[in-house]
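J.: What follows is a structure written as structure tokens; I'll ask about it next.
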Amino acid sequence: MLVIQNTLSGKKEEFKPINPPHVSMYVCGPTVYDYFHIGNARSFLISDMIRRYLEYKGYNVKFVMNLTDVDDKIIHKSKKENRSFSQVADTFTQAFFEDIEKLKVKPATLYPKATGHISEIITLISNLIDNGFAYNIDGNVFYNVARFKDYGKLSGKKTDELEVGARIEINNEKLNPLDFALWKKAKEDEPSWNSPWGKGRPGWHIECSAMSCKHLGDTFDIHAGGSDLIFPHHENEIAQSEAATGKPFVNYWMHFGFLNINEEKMSKSLGNFFTARDILAKYPAEAIRMFLFQTHYASPLNFSEEAIQAAQKGLEKFTNLVDKINSELSAPSQAAPMTDFDFPTFYSAFESTMDDDFNSPKAIAVLFDFIKEVNRKITESPSLNSGFYLKTKEFLEKTAIGVFGITSFEKEVPASSGIEDKLIELLLSIRATAKKEKNFTLADQIRDELLNLGVAIRDTKDKTLFKKV
Ligand SMILES: [Zn+2]
């Protein structure tokens, strides 16, 4: 029996999906204005692990992760870089997909974008206005928090206490300091869409209500995200969705703990800010996954190079066994006697830890015990039949690979020349600087010598492309 710690009730509850074997799951995705950082990576990898374990249990999971592709941060960046907001969003949407693929995240069923759901958002806001839960002031539409009696039920916050805190940033346009924007009136030079309240764009919270409802229905099984989203984002999602439909929004709310760097909060100003790209340049995805899954998803997690190196070291035990199985199974099978090995006990130990609110650190400990026992068996009886190795392989495929993605039976291909491409990019950026400074001798020298090395370059309007010839 799978139990989940539900933020809404504050208790562990038996998981009962609405329509088994189907499970509907929504996770708040990235705002695509930059490369995502290791804290975001934790959210993406933990939700990937949860989804994979639900699939291990035989559920058919519809997994939806939204992409916020219009937002203050995107607009700010586009102004700073003198590009359109959609160019910025496209660049970092692309980067997001590249990075999650490198992290071996199983693709979601759907990645809906906010800008692709403007009409659903407008319909939802109109519904809230018609039912008295929202009001329009001069083209800005706000949610009327006082009208929703359950406000605060997820975060446990009381509205009167919240109001005191919120008064610092009092906004004269709103009836109540806790009211939040559903529709933001267009400012000059900002992206906007037509609406019954004039040109504008959606607020952040309403996107998730509109997209989850469209793709998963009025009530769905699991909504997950970082614990920093509980208030106000998820509280506001509940207020919007339940006011609009009159039905419970989500049955199980799951929240992931914070990630700190060397015991400090990660921040650009402290200089301890790591993107997933930075970490992937130094460590394989399997080591990053192992590191993240060795702490329970709800606990705070401290990131350090030592911790990730320790996780990587632990993975050697998996790799060694995988190599052994590969070589045994590629050799002609021997007529060895059947081996007794208690696979069912390991399966049930694995499942009972994961059934207890996805306790991945304990489940990984079960996998280490399994490897130890298998190795002991191999040392004791050198000629084991291939059935034993096939069952060992199957166990690892279902657990370590299927649920955690921390090892693989596929032959490692030599690392693609990532560093080589980076060096070429570096030379091209030096060449671009040389051209700007009218140092054409140096620019041409770089071009010619790259060609001698078999790298042809081509200048386009925006950038220089290269091809290995
Ligand atoms: Zn959300």
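The values are calculated or read from the model by the stated rules, or taken from the named source; none is laboratory data. Here the structure is a predicted model, which is why all the values come from computation and not from measurement. We place every Cβ from the backbone using ideal geometry, glycine too, and count neighbours over all the protein chains shown. The protein model used for the area step is the full one, side chains on, heavy atoms only, and it has no ligands, DNA or RNA in it. Shrake-Rupley method; radii C 1.70, N 1.55, O 1.52, S 1.80 Å.
J.: Take segment 196-231 and flag every residue that is away from the ligand (no atom under 11 Å from the Cβ), in contact with a Leu (Cβ under 9 Å, 6 or more places away or on another chain) and either within 14 Å of Phe180 (Cα to Cα) or without any contact (Cβ under 8 Å) to a residue 60 or more places away in the chain (or both).
T.: Correct list: Pro202, Gly203, Phe231.
J.: Next question. Answer yes or no as to whether Lys106 is farther than 30 Å from Ala244 by Cα, of a type outside the set (Phe, Trp, Tyr) and touching a Leu at 6+ places or on another chain (Cβ under 7 Å). Please lay out each step first, then the result.
T.: Numbers: farther than 30 Å from Ala244 by Cα: yes; of a type outside the set (Phe, Trp, Tyr): yes; touching a Leu at 6+ places or on another chain (Cβ under 7 Å): no.
Criteria not met by Lys106.
J.: Can I ask one more? From Asp323, Asp278, grab the single residue that is assigned to a helix (DSSP H, G or I), surrounded by fewer than 18 Cβ atoms within 10 Å (Cβ to Cβ) and touching a strand residue (DSSP E or B) at 6+ places or on another chain (Cβ under 9 Å).
T.: Working: Asp323 fails: touching a strand residue (DSSP E or B) at 6+ places or on another chain (Cβ under 9 Å).
Step by step, each of Asp323, Asp278 is checked, and only Asp278 is assigned to a helix (DSSP H, G or I), surrounded by fewer than 18 Cβ atoms within 10 Å (Cβ to Cβ) and touching a strand residue (DSSP E or B) at 6+ places or on another chain (Cβ under 9 Å).
Rundown of residues vs (1) closer than 16 Å to Thr275 by Cβ; (2) in contact (Cβ under 8 Å) with a residue 40 or more places away in the chain; (3) open to solvent by 10 Å² or more (accessible area, probe 1.4 Å), yes/no style:
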residue	(1), (2), (3)
Tyr33	yes, yes, yes
Ser47	no, yes, no
Tyr56	no, yes, yes
Tyr59	no, yes, yes
Leu67	no, yes, no
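J.: Evaluate the following for Val145: is it more than 16 Å from the ligand (Cβ to nearest atom), closer than 30 Å to Phe404 by Cα and among the β-branched types (Val, Ile, Thr)? Working first, answer last.
T.: Numbers: more than 16 Å from the ligand (Cβ to nearest atom): yes; closer than 30 Å to Phe404 by Cα: no; among the β-branched types (Val, Ile, Thr): yes.
No.
Residue-by-condition table, conditions (1) exposed (fewer than 14 other Cβ atoms within 10 Å of the Cβ); (2) modelled with pLDDT under 95; (3) within 25 Å of the chain's Cα centre (by Cα):
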{"site": "Ser381", "(1), (2), (3)": "yes, yes, no"}
{"site": "Ser386", "(1), (2), (3)": "no, yes, no"}
{"site": "Ala400", "(1), (2), (3)": "no, no, yes"}
{"site": "Thr407", "(1), (2), (3)": "no, no, yes"}
{"site": "Ala415", "(1), (2), (3)": "yes, yes, yes"}
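J.: Could you list all residues from segment 296-320 that are free of Cβ contacts under 8 Å to residues at least 60 places away in the same chain and assigned to a loop (DSSP other than H, G, I, E, B)? Can you show your working first?
T.: Keep residues of segment 296-320 that are free of Cβ contacts under 8 Å to residues at least 60 places away in the same chain, which gives 299-300, 302, 304-314, 316-317, 320.
Within segment 296-320, Ser299, Pro300, Ser304 qualify.
J.: Within segment 124-154, which residues are within 11 Å of Asn176 (Cβ to Cβ) and either open to solvent by 10 Å² or more (accessible area, probe 1.4 Å) or part of a strand (DSSP E or B) (or both)?
T.: Looking only at segment 124-154, we keep the residues that are within 11 Å of Asn176 (Cβ to Cβ), and these are 135, 142-147, 151.
Once the filter is applied, which keeps residues that are within 11 Å of Asn176 (Cβ to Cβ) and either open to solvent by 10 Å² or more (accessible area, probe 1.4 Å) or part of a strand (DSSP E or B) (or both), segment 124-154 yields Tyr135, Phe142, Tyr143, Asn144, Ala146, Arg147, Tyr151.
J.: Name the pairs whose Cβ atoms lie under 9 Å apart, with the first residue in segment 388-406 and more than 17 Å from Lys324 (Cβ to Cβ) and touching a residue at least 40 places away in the same chain (Cβ under 8 Å), the second open to solvent by 10 Å² or more (accessible area, probe 1.4 Å) and of a type in the set (Val, Ile, Thr), and 6 or more positions between them or separate chains?
T.: These pairs meet every condition: Thr399/Val366; Gly405/Val105.
J.: If we scan segment 242-254, do we find a residue that is touching a residue at least 60 places away in the same chain (Cβ under 8 Å), over 16 Å from Val64 (Cβ atoms), within 14 Å of the ligand (Cβ to nearest atom) and small (Gly, Ala, Ser)?
T.: Residues of segment 242-254 touching a residue at least 60 places away in the same chain (Cβ under 8 Å): 242-244, 250-254.
Now narrow it down to the ones that are over 16 Å from Val64 (Cβ atoms): 242-244.
Cutting the leftovers down to within 14 Å of the ligand (Cβ to nearest atom) gives us none.
The answer is no; no qualifying residue exists.
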